[in-house]
Structure formats: C-alpha cells, structure tokens
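Step one of this worksheet: look at the structure below.
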Amino acid sequence: MLRRTLQRVIPTYAVLPLAITGIMNLLSFSGTKLFLYIFGLGTPIDQLPRWTTAGDALFPYTPIWAIAYIASFAFWFYLYTTVAKESPEAAYRLVAADFCGKLVCLICFIVVPSTLDRPTGDAIGTGFGPFLIRVIYWTDDPTNLFPSLHCFIAWLGTRYIFEAKKLRFRALNAVLCVIGSLMVFVSTLYTKQHVIVDVYSGVALAEICYLIGKYTKLPNLFRKLNEWFMTTKLCKFYDTENWRDA
C-alpha cells in the first residue's frame, strides 16, 4: 500500500530523474562548500564581493517572509513531481534542464563567489518570524548566492507547468505557480538571503535551461540512463507497472 501511494505521487519512471535533481541540488549547494573547504580555496566571507544594488533597498529586512522562503521547498516538490507525472518525456526534459542549471550554479559558486550583509544579533528581532530567520541563517551562511538556486528551481518548474496538459485546472495552476514563484523571489530578498542580481540570474538561467531541455538531445541521455535503471532490482522493488503503461 505504501508503494502504491508513493507511485501516485512519483511514478516509477520518474524515480531516477527526480532523484538526480535532488542529488544535483545537494552537490551544487553543499558540495561546493565541501570542495572549497577540502582544497583550501575558500575566501573568507568578509572578503567576498557584495553585489547589492540600489534596488535592494526596496526590500528591507522583513522576517515574516521566512515563512514563504521555507515553504518554497514544498513548492519545489509540487512543481517537480507534477511535471514528472505528466509523462516520461516531460520528466527527461525536466531533469536535463535541472542538471544543466545546477551544474552552472556549482561552477559559479566556486568561480564567482559573492556574499551580502545580513542582520545579526538583536537586529534579527524576536517572535516567530525572527525565530525562522535564525534557523535559516544558522543552516545557511551567506554564500552560494549567484545565481539563486531558490529562484532557478521555482521558475524552471513553473515553466514546465505551462506544458502539463494532463493537469486539472491547468490555467489556474499555471497562474498560482507564477504567483508562487514571485513569492519565492521576493522572499529571498526580504529575508536577506539573496540580492536582486541573484534573482534575475536564477530566472535567466532557468529560461536558458528550459530551452536546452526542449530543443537539444540531452534528455535522451537521461532516457537511456533511466532505461538501465528500470532493469535494476531496486526499481523492480518499487514497481515497474506504471512505467510500462506510461
């Protein structure tokens, strides 16, 4: 029964593609920090450049936006699983685009690191919002900013939602996902997790990678990899019936 429930959320053919997106997220975010630490290549945070612009002043520190920032993780899950359920082809295009984008982020985090100024101590405030901010700041130092992974994932998933023909209330879902993406963008600014340059670059990267997934043969590589995975005992345990019917 558990597997049947899981398959309604993540079809068997989508297990590997979605797992790859998760692995790439871990590598691009945490892997770069580990790489820089191991090889002693990291620059002290106080010596990193700050790409704050005048426009960032329009988004003063507002801790209540931490709720939207944290909720974005559930939003990502909805976007990616919804797109993957559309069809195997949609799953392969998604993972191809996601892989390219996160690879670019990984390189940028190492080659062009940046930081930003965040509130500290009493300036963070008290209450539920500031509590969430402290959790965010404790788990995530102000690096790996350009391009914004938060914004990249939100907009890439939303772009593919536009093509989800099997999705009920497609137009309404598309509108709500656009609104959700905008809330993710704004939340990264109000929580002082990113600056405007990071947001723009994340969205631009998502658009470029969307085109790569749509017009190149890269999805075929993930198709072949998935065909091999479907023959493994791990995949057979999960169940191959949905994949064969897809």
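The values are calculated or read from the model by the stated rules, or taken from the named source; none is laboratory data. These numbers come from a predicted model, not from an experiment. Cβ sites come from the backbone with ideal geometry, for glycine too, and all protein chains shown count toward neighbours.
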Note on region 43-85: residues touching a residue at least 40 places away in the same chain (Cβ under 8 Å) and part of a loop (DSSP other than H, G, I, E, B) are THR43, LEU48, PRO49, TRP51, THR52, THR53, PHE59, PRO60, TYR61, THR62
Based on this model, can you work out whether ALA96 counts as farther than 20 Å from VAL184 by Cβ, aliphatic (A, V, I, L, M) and out of contact with any Pro (no Cβ under 7 Å at 6 or more places or on another chain)?
no
Filtering region 101-116 down to residues that are in a helix (DSSP H, G or I) and surrounded by fewer than 21 Cβ atoms within 10 Å (Cβ to Cβ) yields LEU103, VAL104, LEU106, ILE107, CYS108, ILE110, VAL111
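Being of a type in the set (A, V, I, L, M), farther than 19 Å from PHE77 by Cβ and surrounded by fewer than 22 Cβ atoms within 10 Å (Cβ to Cβ) is true for just one of ILE179, ILE124. Which residue is that?
After ruling out the rest, the residue left standing is ILE124.
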Any hit, region 197-215, residues being out of contact with any Pro (no Cβ under 8 Å at 6 or more places or on another chain), among the small types (Gly, Ala, Ser) and either closer than 15 Å to PRO17 by Cβ or in a helix (DSSP H, G or I) (or both) | yes
Expected output for region 98-123 (first residue closer than 10 Å to ASN144 by Cβ, partner assigned to a strand (DSSP E or B), Cβ below 8 Å, 6+ apart or cross-chain) is SER114/ARG50; THR115/ARG50
Counting only residues that are surrounded by 12 or more Cβ atoms within 10 Å (Cβ to Cβ) and under 22 Å from ALA123 (Cα atoms), region 56-74 contains a total of 12
Pairing a residue in region 216-245 that is more than 16 Å from ALA19 (Cα to Cα) with any residue that is modelled with pLDDT of 95 or more, where Cβ atoms lie under 7 Å and the two sit 6 or more apart in sequence or on different chains, gives LEU218/ALA96; LEU218/ILE212
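Take ALA174 and decide whether it is surrounded by 13 or more Cβ atoms within 10 Å (Cβ to Cβ), aliphatic (A, V, I, L, M) and touching a Ser or Thr at 6+ places or on another chain (Cβ under 6 Å).
no
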Given the conditions (1) among the polar types (S, T, N, Q); (2) under 30 Å from THR216 (Cβ atoms); (3) more than 12 Å from the chain's Cα centre (by Cα), every one holds for THR62 apart from (2)
Of the residues in region 190-227, those that are crowded, with 24+ Cβ neighbours inside 10 Å, of a type in the set (A, V, I, L, M) and over 15 Å from the mean Cα position of the chain (by Cα) number 1
Exactly one of ALA154, ALA96 is among the hydrophobic types (A, V, I, L, M, F, W, C), touching a Leu at 6+ places or on another chain (Cβ under 6 Å), buried (at least 19 other Cβ atoms within 10 Å of the Cβ) and not in a loop (DSSP other than H, G, I, E, B), and that residue is ALA96
Residues in region 216-239 that are modelled with pLDDT of 95 or more and in a loop (DSSP other than H, G, I, E, B) total 2
